Amino acid sequence: LVAEIEKKITEAFEVFDRESNKTVDVREIGCIVRSLGCFPNEAEVQELLAQIEVEEPGGFVHLENFLPVMTKVLLDRRFQPIPEDVILHAFEALDENKCGYITKEDLVKHLTEE
């Protein structure tokens, strides 16, 4: 199981390893984690980065430092997606007219004013 997880993590990491040198820009970590089916918020991504040794200067993350941290995240099933029924309930709360959609203007209003 661990070998399969590590293979999956390595494959996701390599997608963002543009130089093919087993490193990625630290700014790519959130994308890599999310591509693995985990959905941390930005604060949680920063917590993960605190556990990973980041190479200075330039902020690069080596696969060998990322792999054990991300393996533990996947084994512990951290950062699972929000259940569909919770998202649907939130959508229904915003869909005041019960028409099955939210206009761009209403969404902007809710996100900026409410």
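The values are calculated or read from the model by the stated rules, or taken from the named source; none is laboratory data. Everything quoted here is computed from the prediction, not taken from an experiment. Here Cβ is always computed from backbone atoms with ideal geometry, including for glycine, and neighbour counts include all displayed protein chains. SASA here: full protein model, heavy atoms, side chains in, ligands and nucleic acids out. Shrake-Rupley method; radii C 1.70, N 1.55, O 1.52, S 1.80 Å.
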Checklist entry - Working out 0.36 nm times the residue gap between CYS99 and ALA43, then minus their Cα-Cα distance, what length gain in nm do you get to one decimal? => result 16.7 nm
Checklist outcome for this item: Compactness check, the chain: C-alpha Rg relative to the 2.2 N^0.38 Å globular estimate gives 1.36
Item to check | Distance between modelled label sites at PHE16 and THR112, nm, 7 Å Cα→Cβ extension | outcome: 3.0
Checklist outcome for this item: For the stretch 1-76 the mean separation of alpha carbon contacts under 8 Å (6+ apart) over residue count, i.e. relative contact order in percent, is 37
Next on the checklist: How far apart, in nanometres, would the label points at ALA90 and ARG78 be if each is projected 7 angstrom from Cα along the Cα-to-Cβ direction?
Outcome noted: 2.1
Checklist entry - Roughly how many whole Å is it from the C-alpha centroid of the stretch 39-80 to that of the stretch 5-24? => result 13
Checklist entry - Tell me, what is the FRET efficiency for ALA50 and LYS8 to the nearest 0.05, using R0 = 22 angstrom and their Cβ-Cβ distance as r? => result 0.40
Checklist outcome for this item: Restricting to lysines and to Cα separations under 17 Å from LYS7, and discarding same-chain partners fewer than 8 apart, the set is LYS22, LYS72
Next on the checklist: For ARG34, ARG27, give me the order by solvent-accessible area with a 1.4 Å probe, most accessible first, ignoring ligands, DNA and RNA.
Outcome noted: ARG27, ARG34
Next on the checklist: Can you tell me the orientation of helix 42-51 relative to the chain, as the angle in degrees between its alpha-carbon axis and the longest Cα principal axis, to the nearest 10?
Outcome noted: 20
